[in-house]
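A.B. asks: For reference, the structure I am asking about is given below.
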Amino acid sequence: MTIQELQKQLDEMYANNELDEAYAFLVEQVNLAVQRQDNATILFLLNEMIGYFRVTSQFQSGNQIALQIFKILDMCGLEETIDGATSYINIATFYRVQGKYQEALSLYQKTEKIYHHELEPYDELYSAFYNNLSLLYQEMGDYHQAIDMQKKALAIVEQLDDYRIEEAITYTNLSQMYLSINQNDKAQKCLHQAISLFQQYGPYDPHYFASLATLAQSHYMQKDYAKALDIYHRVLHFIESVYGQNKDYQTIQKNIDRIQKEMETIKGLDLCEAFYQQYGRNMIEEEFSEIKPYMAVGLLGMGSDCLGYDDEISHDHDFGPGFCILLPHDIYQQYYKQIQASYQKLPQEFMGIQRLTSAHGNGRVGVFETESFFKQFLRQIPQTLDDWLYADENALLACTNGRIFEDNYGQVTQIRQYLSYYPEDIRIKKIARCLAKMAQSGQYNYARCMQREDEVAATLALNEFIDQTLSLLYLLNKKYKPYYKWSYYGLKDCTCLQAVTPLLLQLVQLPSQKQHWPQKNNIINTDDQKVVLIEKICQLVIGELHRQGLSTSDDDFLDNHTLEVMSHIQDDCIRMKHVMEG
């Protein structure tokens, strides 16, 4: 049986997935070739065995075959020939799959020397060689070398007749390299080239499905989930119609399931930034390029999505694709109507999500004049320490939360940086106020209300203590406190005094302690577990005051720390204000 006949029979077995039969056939034919001392056929069959052991992950057996091939090449004087180079590529590919990268690279380098000596510059063998070498560099993490090798392979196949499928495959491989280094635009350009070639020359080629799946992956990486899903569903249909629900079908289905799950849990900031990158940026560059240098684009203001705290429950109102465009006064006056009109023409649905706006949620996205945008939350940008002292904390948070996608002019970023947190004197003043209120409500009035058997008043005192504790925690972490719905949840972003978080939850979950108060006149009633938790929280707070250099006292009563805390205020006017002010 000739080598061509052997190859044909093996191809038929592999096409029918008859791997065991193929291996038995190889063993039989090797024995026959050895009897005939037919070294050329032995070499061919051993190379086929290397491929078989690679596919079946039988690395130990394959390594033994590789040693036999090296011996035959040496014995027959074929080490510097094309036959030798073919064997080196097969073994190098086998080594690559095992992770033996340096051994593989050495064989590829040896092959390249043989090719340079034996082949014309644009011989078709170079194409497969550079493709294989590219895969090795990719697995080694050297993506730039991998891309260079793919480009070399592409330059070869573009010169060859009847190699359009190979050209399409190479474009697909190149796109995957670009995706690995986050160059999505270049990746998609290669993929569209590949898909065009497949549609013309191989519409049922399995590599075509791989190319489409890679295109879907690129859209997924750009968070364009709707396009990714559309392409994946097409691939799923193609695979099922040609091959049935095979392993590739199952892989694509898993990708679809993953995207659909992510769409259910996607954060509003990520959704809106992807929407801007996909549609908003193009709209601005195509229609308003002359004023783009004056624009700031992002999502900021009110709403759980701007905090990054939104979840599936948040998706039922004031959620969906959209963004803010902020402009200086003179630009806004001249261009507002045109930009807003173009903004309203953007798709109303993105990634399968439509924006839902409640009666109170109008005007959160669209085109705004910069100063007016911030003044809708703050009556004025704070200029003096008194302005800062009385500024609304939720308003300050609305001005500084969210995410800026792009700020070419810099005015918005400058304002947000200025408002990013209280001046230190104001922070200290507010800390003193919180300490006084925590002492008053938790360490003092809760007990007095329980002594009077007034559980409603005691509950109100306890709620005030919890609220003031939350305010203090944010002040000690130098963060603005979100409004009540998110103030406990947001503690996950606070690094100091994390031990207080579970204590607050325990405090809320404890049942009534009224059974521990008959004939109790002592304020520190340790039979009441709520009192115990209040004191634990206060002790942790005192420790943090020490760490931040705001108090040196070991007094258990927080109110007795306020004067020392206030003494650290540098401004005389702020320091002289009543502890409860602000």
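The values are calculated or read from the model by the stated rules, or taken from the named source; none is laboratory data. These numbers were taken from a predicted model, which means no experiment stands behind them. With ideal geometry, Cβ positions are generated from the backbone for all residues, glycine too; neighbour counts draw on all protein chains shown.
A.B. asks: Please note which helices (runs of 4 or more DSSP H) are completely contained in region 508-582 and include at least 2 residues that are within 44 Å of the chain's Cα centre (by Cα) and within 15 Å of LEU472 (Cα to Cα).
C.D. replies: Numbers: elements: 529-547, 562-566, 572-575.
The qualifying helices (runs of 4 or more DSSP H) are 529-547, 562-566.
A.B. asks: Further, regarding this structure: In this structure, does LEU505 turn out to be closer than 29 Å to LEU397 by Cβ and in contact (Cβ under 8 Å) with a residue 40 or more places away in the chain?
C.D. replies: On the way: closer than 29 Å to LEU397 by Cβ: yes; in contact (Cβ under 8 Å) with a residue 40 or more places away in the chain: no.
Judged against the criteria, LEU505 is not a match.
A.B. asks: Check off (1) touching a Lys or Arg at 6+ places or on another chain (Cβ under 7 Å); (2) at pLDDT 95 or above; (3) not polar (S, T, N, Q) for LEU107 and give me the number that stays unchecked.
C.D. replies: For LEU107, the failing item is (1).
A.B. asks: Mind listing just one residue for me: the one in region 252-284 that is over 30 Å from LEU307 (Cβ atoms) and free of Cβ contacts under 8 Å to residues at least 24 places away in the same chain and, of those, surrounded by the fewest Cβ atoms within 10 Å (Cβ to Cβ)?
C.D. replies: Within region 252-284, the match that is surrounded by the fewest Cβ atoms within 10 Å (Cβ to Cβ) is LYS254.
A.B. asks: Please enumerate the residues belonging to region 285-296 that are surrounded by fewer than 21 Cβ atoms within 10 Å (Cβ to Cβ) and not polar (S, T, N, Q).
C.D. replies: GLU285, GLU286, GLU287, PHE288, GLU290, ILE291, LYS292, PRO293, TYR294 - these are the residues of region 285-296 that are surrounded by fewer than 21 Cβ atoms within 10 Å (Cβ to Cβ) and not polar (S, T, N, Q).
A.B. asks: Just to be sure, is GLY298 at pLDDT below 85 and in contact with a Lys or Arg (Cβ under 7 Å, 6 or more places away or on another chain)?
C.D. replies: No: the conditions fail for GLY298.
A.B. asks: Continuing with the same structure: Residues to consider are LEU212, LEU229, LEU174, LEU179; find the one that is within 24 Å of the chain's Cα centre (by Cα) and closer than 23 Å to ASP123 by Cα.
C.D. replies: Numbers: LEU212 fails: closer than 23 Å to ASP123 by Cα; LEU229 fails: closer than 23 Å to ASP123 by Cα; LEU179 fails: closer than 23 Å to ASP123 by Cα.
After applying the criteria, what remains is LEU174.
A.B. asks: Also, quick follow-up: When residues of region 1-31 are filtered for being touching a residue at least 24 places away in the same chain (Cβ under 8 Å) and among the aliphatic types (A, V, I, L, M), how many remain?
C.D. replies: The total comes to 7.
A.B. asks: Could you list, in sequence order, the residues of region 252-273 that are modelled with pLDDT of 90 or more and β-branched (Val, Ile, Thr)?
C.D. replies: Result: ILE252, ILE256.
A.B. asks: Could you say which residue among TYR225, TYR232, TYR204 is at pLDDT 90 or above and not hydrophobic (A, V, I, L, M, F, W, C)? Reasoning before the result, please.
C.D. replies: Working: TYR225 fails: at pLDDT 90 or above; TYR204 fails: at pLDDT 90 or above.
Exactly one of TYR225, TYR232, TYR204 is at pLDDT 90 or above and not hydrophobic (A, V, I, L, M, F, W, C), namely TYR232.
A.B. asks: For ALA391, state whether it is of a type outside the set (S, T, N, Q) and without any contact (Cβ under 8 Å) to a residue 24 or more places away in the chain. Before the answer, list the steps.
C.D. replies: Details: of a type outside the set (S, T, N, Q): yes; without any contact (Cβ under 8 Å) to a residue 24 or more places away in the chain: yes.
When the stated conditions are applied, ALA391 passes them.
A.B. asks: Would you please list the contacts, defined by Cβ atoms under 6 Å and residues six or more apart or on different chains, that run from a residue in region 79-106 that is under 20 Å from GLY141 (Cβ atoms) to a residue that is surrounded by fewer than 19 Cβ atoms within 10 Å (Cβ to Cβ)?
C.D. replies: Matching pairs, first to second residue: TYR95/GLU103; GLN98/PHE59; TYR101/MET140.
A.B. asks: Name the residue, out of TYR143, TYR95, TYR126, that is within 34 Å of the chain's Cα centre (by Cα) and not assigned by TED's automatic domain parsing to the domain that holds GLN4. Steps first, answer last, please.
C.D. replies: Numbers: TYR95 fails: not assigned by TED's automatic domain parsing to the domain that holds GLN4; TYR126 fails: within 34 Å of the chain's Cα centre (by Cα).
None of the other options fit; the residue is TYR143.
A.B. asks: A further question follows. Suppose we filter region 150-171 for residues that are of a type in the set (Val, Ile, Thr) and over 33 Å from the mean Cα position of the chain (by Cα); how many remain?
C.D. replies: Within region 150-171, the subset of a type in the set (Val, Ile, Thr) is 156-157, 165, 169-170.
With the extra rule that they be over 33 Å from the mean Cα position of the chain (by Cα), the set shrinks to 156-157, 165.
Final tally of qualifying residues: 3.
A.B. asks: With respect to GLU464, is the statement that it is assigned by TED's automatic domain parsing to the domain that holds LYS514 and either in contact with an Asp or Glu (Cβ under 6 Å, 6 or more places away or on another chain) or on the phi < 0 side of the Ramachandran plot (or both) true?
C.D. replies: Details: assigned by TED's automatic domain parsing to the domain that holds LYS514: yes; either in contact with an Asp or Glu (Cβ under 6 Å, 6 or more places away or on another chain) or on the phi < 0 side of the Ramachandran plot (or both): yes.
So GLU464 fits the description; yes.
Conditions tested, residue by residue: (1) under 29 Å from ILE574 (Cα atoms); (2) in contact (Cβ under 8 Å) with a residue 60 or more places away in the chain.
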position	(1), (2)
ILE404	no, yes
GLN411	no, yes
ILE415	yes, no
TYR421	yes, no
ALA447	no, yes
MET450	no, yes
GLU453	no, yes
ALA458	no, no
ASP467	yes, no
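A.B. asks: Still on this structure: Hey, among TYR488, TYR480, TYR484, which residue is loosely packed, with under 13 Cβ neighbours inside 10 Å and of a type in the set (Phe, Trp, Tyr)?
C.D. replies: On the way: TYR488 fails: loosely packed, with under 13 Cβ neighbours inside 10 Å; TYR480 fails: loosely packed, with under 13 Cβ neighbours inside 10 Å.
Checking each option against the conditions leaves just TYR484.
A.B. asks: Here is a list of conditions, (1) at pLDDT 95 or above; (2) charged (D, E, K, R); (3) in contact with a His (Cβ under 8 Å, 6 or more places away or on another chain), and GLU564 meets all of them except one; can you say which number that is?
C.D. replies: Result: GLU564 fails condition (3) only.
A.B. asks: Hey, another quick one. Of the conditions (1) under 19 Å from GLN443 (Cα atoms); (2) of a type in the set (Lys, Arg); (3) touching a residue at least 40 places away in the same chain (Cβ under 8 Å), LYS481 clears all except one; give me its number.
C.D. replies: (1)
A.B. asks: Only residues that are of a type in the set (Val, Ile, Thr) and under 17 Å from MET221 (Cα atoms): list them for region 160-192, please. First the steps, then the outcome.
C.D. replies: Within region 160-192, the first condition is being of a type in the set (Val, Ile, Thr), and the residues that meet it are 165, 169-170, 172, 181.
Within region 160-192, THR172, ILE181 meet the criteria.
A.B. asks: Let me ask something else about it. Mind checking which pairs have a first residue in region 365-376 that is over 22 Å from LEU346 (Cβ atoms) and a second that is modelled with pLDDT of 90 or more and surrounded by 21 or more Cβ atoms within 10 Å (Cβ to Cβ), Cβ under 6 Å, 6 or more apart or different chains?
C.D. replies: PHE374/CYS399
A.B. asks: Still on this structure, please answer the following. Tell me which of these THR495 doesn't satisfy, since it passes every other one: (1) touching a Cys at 6+ places or on another chain (Cβ under 7 Å); (2) modelled with pLDDT under 95.
C.D. replies: THR495 satisfies every listed condition except (1).
A.B. asks: Inside region 1-28, can you point out the residues that are more than 16 Å from PHE53 (Cβ to Cβ) and buried (at least 17 other Cβ atoms within 10 Å of the Cβ)?
C.D. replies: LEU6
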